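What follows is a single structure, written as structure tokens, with notes after it.
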Amino acid sequence: MESNERITRKEILKKFKKKTPLQEIVYRFMQNRMAVVGLIIFTIILLSAIFADQIASYEGAALQMNIAERLQGPSAKHWLGTDEAGRDIFARIIHGARNSLWIGFVATAFSLLVGGALGAIAGFFGKWVDELIMRVMDVMLCLPDMLLAIAIVAAFGGSVVNMILAIGISRIPRFARIVRSSVLTVRDMEYVEAARAIGARNGTIILRHVLLNCMGPIIVQITLIFASSILAISSLSFLGLGIKPPAPEWGNMLAAGRNNMRDYGYLVLAPGLAIFLSIFSLNLLGDGLRDALDPRLKK
């Protein structure tokens, strides 16, 4: 009897034990099946990019031309077939993932740092500072992201650095607006006033007290802009303004395969599916994080 009572008490305590905020976020995220699917898909893509050299040779399978095996369909030797130069498409896909992901990550980080800083300054100080920064962001928003990126790359050349700057600059206004709106909701909270009262500097207040309490929408925006950056990289490469062949990248693989897509559809299907899955998984991940981080959804 005593052992049964102890077990019952432990079960009751475990059931009603209060979860930490992080545990609640993880729990709500794991309850969203589509978000978990997105996380699994993106994890597979990320791991294949990280361990691309161990999965398939870069110099041998992804770059080396082999005319004797050109335009072969999917087989046990070449899982996704070969292209017009006899290169293994699967090897080029996973090595292309490395290019797309790291360029997208750096471009997103650049736009986050610049746009986040501008949005935090505008939202925290307000008045003429807010007006000046937001009017500049409005001017940048008048141009579509992709058109602005194309204009920058076309003007300064199609190098990787210029492509990162072009994609990063074109997405600065998005981060600036989302960070500004988040800062406006917390800048007058009691803990911010308390930090001011004890003489904390404005920079310290923004970094430690304001931005840390705005991370929810910022994290969601990171996933969405990361997805759009991958699409922009592929679009620029498809237009010949990004990574140039023979270096593997999903966009230039689509451009190279379009001439033979009628007879060899797998040439465009494989890179197109890679772009779709990466963007689809990041959007699912972003939606799941938005729902998990939204305090209004707490039960």
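The values are calculated or read from the model by the stated rules, or taken from the named source; none is laboratory data. The model shown is predicted, which means the values in this text are computed figures rather than measured ones. In this analysis, Cβ positions are derived from the backbone assuming ideal geometry, glycine residues included, and neighbour counts consider all displayed protein chains.
General observations
- Residue in the range 21-40 that is within 25 Å of residue 290 (Cβ to Cβ), at pLDDT below 80 and of a type in the set (S, T, N, Q) present: yes
- Pairs where the first residue, in the range 91-107, is closer than 20 Å to residue 79 by Cβ and the second is among the basic types (Lys, Arg) and buried (at least 24 other Cβ atoms within 10 Å of the Cβ), C-beta under 6 Å, 6+ apart: none
- In the condition set (1) among the small types (Gly, Ala, Ser); (2) at pLDDT 80 or above; (3) not in a helix (DSSP H, G or I), residue 49 is compliant with all but (3).
- The range 245-293: number of residues that are of a type in the set (A, V, I, L, M, F, W, C) and in contact with a Ser or Thr (Cβ under 6 Å, 6 or more places away or on another chain): 4
- Residue in the range 176-188 that is among the charged types (D, E, K, R) and surrounded by fewer than 16 Cβ atoms within 10 Å (Cβ to Cβ) present: yes
- Pairs, first farther than 10 Å from residue 241 by Cβ in the range 149-160, second polar (S, T, N, Q), C-beta under 6 Å, six or more apart: 156/162
- Filtering 96, 123 for residues that are closer than 17 Å to residue 175 by Cβ, small (Gly, Ala, Ser) and surrounded by 16 or more Cβ atoms within 10 Å (Cβ to Cβ) leaves a single hit, 123.
- Only residues that are over 30 Å from residue 28 (Cα atoms) and surrounded by 20 or more Cβ atoms within 10 Å (Cβ to Cβ) were counted across the range 267-286, and they come to 3.
- Taking the range 178-211 as the range and being part of a helix (DSSP H, G or I), of a type in the set (Lys, Arg) and touching a residue at least 60 places away in the same chain (Cβ under 8 Å) as the test, only 180 passes.
- Checking the stated criteria, residue 248 turns out to be more than 30 Å from residue 30 (Cβ to Cβ), assigned to a loop (DSSP other than H, G, I, E, B), in contact with a helix residue (DSSP H, G or I) (Cβ under 8 Å, 6 or more places away or on another chain) and not small (Gly, Ala, Ser).
- Any hit, the range 181-192, residues being more than 20 Å from the chain's Cα centre (by Cα), at pLDDT 85 or above and of a type in the set (D, E, K, R): no
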